[in-house]
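Participant: Following this message is one structure expressed as structure tokens.
The values are calculated or read from the model by the stated rules, or taken from the named source; none is laboratory data. Owing to the predicted nature of the structure, the values given are computational and were not obtained by experimental measurement. All Cβ positions, even for glycine, are placed from backbone atoms using ideal geometry, and neighbour counts span all protein chains on display.
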Amino acid sequence: MTTMTQTRKAAAAAGLLALAALLPLAVTEPSQQNFLILILMGAQLGVAWNIVGGYAGQVSLGHAVFYGIGAYASTMLLLTLGLSPWIGAPVGGLVAVLFALAMGWPCFRLKGHYFAMATIAVAEIVQVLVTNSDLLEGAVGLTLPMDRGGLGWLIFLSKLPYYYVALGLLVLTVLASWAIERSHIGYYFRAIKDEPEAARALGVSLTRYKLIALSVSAFLTALGGSFYAQKEMFIDPGSVLATSVSIKIALIAILGGVGRLLGPVLGAVILITIEEYSRTLFGSTGSGTDMIIYATMIILVAVFSPSGVLGLLGDLRRHLPGGGRTAAEPGKMEARP
Amino acid sequence: MTADILIQVLVSGLLIGLIYALVAVGLTLIFGVMDIVNFAHGEFLMLGMYASFWAFVLFAIDPIVALPMTALLLFAVGVIVYQTVIRRILKAPMLSQIFATFGLMILLRGLAQFFWKPDHRLIPHSLVSGNIALGPVQFGLPQFVAALGAIGVTGALWVFLHRTRLGTALEATAIDREAATLMGIDGQKMFALAWGIGAACAGLAGGLIATFFPIFPEVGANFILIAFVVVVLGGFGSITGAFLAGIIVGLIEVLGGFLVGPEYKTAIVLSLLLIVLLVRPRGLLGKA
């Protein structure tokens, strides 16, 4: 890769970040700011999922378990010990890492759909256990205290501060993902995904690197869960531990482009927009139109462009006259079985 | 007294287990023939239930009488799904395969919600209703008929696969796709057939339980996870395995619910999935 493209990429990233930072100046309506926050949250979860599901190719359909751990850990620490989420969220992240290690150690012996199924099972079991736990208020859920606010407690009256916290969390997650992508760990992840036998033959411990991928992803997903709790001020098993949450996280990454740094960000923009706008366009949430639209997109992406919308855009660009730069196309890797 | 309760519990476990077996048989057939896990299988069951519901509401045809029609309809759905989506992802990465059938699952749920509303619906009085009492043990006639139907359909499928030319060709494709192709078996046709039959089995299960189970767009979610457990326990691709495993899972679910508490039923069954995956990934009767 030349320094030229490096510089261009850095400039593009800085431009994108500046745009995101200035966006709330143009979008002042609280409901629209909320919509932007939802996109940032979705993007953060998608980027986190991508580390294990995209780079390392281990499809988890149980990420809600890490999300839920983050949400419940920071909330419980706040409610019982009066700890700020600045402490509670990283603690939740560490709990999620421990859980990821305990779950990954046996489950990573499974390949492909077997692993995916095991992750669904684990998340569903945890949801049942939490729903029936007296300590965690079961199906009733937990409400955050209304008596404090400000940056120290990450509780705000207006949407704007949440927007910047969500943006900060997304930037952190993207940086972590970027660092992994560039490091030797990232190479091992891709080797595990594309050529597991060759990787093993070269002495790469498959389980060890799969565990690293899952742990990093779990930590970041848990931070997203803590943020959700702070923003909504209320959590229950249905909102943070349900399989539908796991599916949405994975879909965001798949839709945008698996195994690409910013694929999930694009995926979140598309998915959250469809979700929110079909809701306002077609009225009630129960009409199913949002499901129909994004299911159709998922099927189209799965059938025609395994590397997601980002991959599709790349393909288009290559077919346009003058757009023939084909060096280092990460999409090529994803298209392999 | 306790013995009576235990027998009662075992009987209801057996009855529901046979339904699980029928749902799982279709899933395992598809997997056995082409190595694709159909996440939309529960939605085939849901469509079977709605087919029965509308046959009842619009044409006053009882779900039990409508079964052949339900089977044909779902066979067609299965073949259409294969021809439009699955055929194109046969050689795609696993991730695409998972998400194609996942997308189908969400699409079918969304369509059901769009056209038929998210309401829970019931078929009020079917031909089969009321209870049967055998000494101290009581069970519903609809559940009993559904279980009998499940045995009949699974049995018929077994006979088809082992005693007919077309069925043997399907089995051969499942055992060794390339060798079967060399023998002149049209692989594409077999795949479409597997999807047709798989969907029809799920649809029949839907028709059979429509007499006593609420009908709503997400009803498939209740069955797909259990069907996975059954398929894994029975051994991916094994019809006989799925039949036995269905009964075992039904018994464990009901017994577990009885001993630990009904709210833990799902967790118990899913723990069984994890245990089987980790201890004996090929299941009871699966290929090594």
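Participant: Any residue that is surrounded by fewer than 22 Cβ atoms within 10 Å (Cβ to Cβ), more than 24 Å from B:I239 (Cβ to Cβ) and of a type in the set (F, W, Y) - is there at least one of those in the stretch B:58-74?
Facilitator: The answer is yes; a qualifying residue exists.
Participant: Every residue in the stretch B:1-30 that is under 25 Å from B:L285 (Cα atoms) and out of contact with any helix residue (DSSP H, G or I) (no Cβ under 7 Å at 6 or more places or on another chain), please.
Facilitator: The answer is B:V11, and nothing else.
Participant: Of everything in the stretch B:113-123, what is among the hydrophobic types (A, V, I, L, M, F, W, C) and within 7 Å of chain A (Cβ to nearest Cβ)? Give them in sequence order.
Facilitator: Within the stretch B:113-123, B:F114 is the sole residue that qualifies.
Participant: Name the residue, out of B:L104, B:L95, that is under 20 Å from A:Y294 (Cβ atoms), modelled with pLDDT of 90 or more and within 7 Å of chain A (Cβ to nearest Cβ).
Facilitator: Criteria check complete, one pass: B:L104.
Participant: If you take the residues in the stretch A:49-69 that are farther than 10 Å from A:V240 by Cα and β-branched (V, I, T), which one is nearest to the other protein chains (Cβ to nearest Cβ)?
Facilitator: Taking the candidates together, the pick is A:V59.
Participant: Residues of the stretch A:75-132 being within 14 Å of chain B (Cβ to nearest Cβ), farther than 16 Å from B:L274 by Cβ and either outside any helix (DSSP H, G or I) or without any contact (Cβ under 8 Å) to a residue 12 or more places away in the chain (or both), which ones?
Facilitator: A:N132
Participant: Name the one entry in A:V265, A:V269 that is farther than 30 Å from A:V128 by Cα, within 12 Å of the chain's Cα centre (by Cα), more than 12 Å from every other protein chain (Cβ to nearest Cβ) and not in a loop (DSSP other than H, G, I, E, B).
Facilitator: Of the residues listed, the single one that is farther than 30 Å from A:V128 by Cα, within 12 Å of the chain's Cα centre (by Cα), more than 12 Å from every other protein chain (Cβ to nearest Cβ) and not in a loop (DSSP other than H, G, I, E, B) is A:V265.
Participant: Then there's this: Output the residues belonging to the stretch B:261-288 that are within 21 Å of B:G32 (Cα to Cα) and not in a helix (DSSP H, G or I).
Facilitator: B:R280, B:P281, B:R282, B:G283, B:L284, B:L285, B:G286, B:K287, B:A288
Participant: Which ones in the stretch B:232-282 are within 11 Å of chain A (Cβ to nearest Cβ) and on the phi > 0 side of the Ramachandran plot?
Facilitator: B:G261
Participant: Does A:S84 count as touching a Leu at 6+ places or on another chain (Cβ under 9 Å), farther than 23 Å from B:F39 by Cα and of a type in the set (S, T, N, Q)?
Facilitator: Criteria met by A:S84.
Participant: What number of residues in the stretch B:194-212 are surrounded by fewer than 24 Cβ atoms within 10 Å (Cβ to Cβ) and under 17 Å from B:G140 (Cβ atoms)?
Facilitator: 1
Participant: B:G78 - would you say it is of a type outside the set (A, V, I, L, M, F, W, C), over 30 Å from B:L6 (Cβ atoms), away from chain A (no Cβ under 14 Å) and in a helix (DSSP H, G or I)?
Facilitator: When the stated conditions are applied, B:G78 passes them.
Participant: Name every residue in the stretch B:163-188 that is of a type in the set (V, I, T), within 22 Å of the chain's Cα centre (by Cα) and at pLDDT 85 or above, in order of residue number.
Facilitator: Once the filter is applied, which keeps residues that are of a type in the set (V, I, T), within 22 Å of the chain's Cα centre (by Cα) and at pLDDT 85 or above, the stretch B:163-188 yields B:T168, B:T173.
Participant: Just to be sure before I move on: is B:L14 away from chain A (no Cβ under 14 Å) and buried (at least 24 other Cβ atoms within 10 Å of the Cβ) in the structure I sent?
Facilitator: So B:L14 does not fit the description; no.
Participant: Would you pick out the residues in the stretch A:134-147 that are part of a loop (DSSP other than H, G, I, E, B), surrounded by fewer than 14 Cβ atoms within 10 Å (Cβ to Cβ) and touching a helix residue (DSSP H, G or I) at 6+ places or on another chain (Cβ under 9 Å)?
Facilitator: Within the stretch A:134-147, A:L135, A:P145 qualify.
Participant: Sticking with this structure for a sec: For the stretch B:203-223, does any single residue satisfy the condition of being touching a helix residue (DSSP H, G or I) at 6+ places or on another chain (Cβ under 7 Å), polar (S, T, N, Q) and closer than 18 Å to B:A51 by Cβ?
Facilitator: Within the stretch B:203-223 (the criterion being touching a helix residue (DSSP H, G or I) at 6+ places or on another chain (Cβ under 7 Å), polar (S, T, N, Q) and closer than 18 Å to B:A51 by Cβ), the answer is yes, since at least one residue qualifies.
Participant: Another one. Test A:Y72 against the criterion of being part of a helix (DSSP H, G or I) and either within 14 Å of chain B (Cβ to nearest Cβ) or polar (S, T, N, Q) (or both), and give yes or no.
Facilitator: No: the conditions fail for A:Y72.
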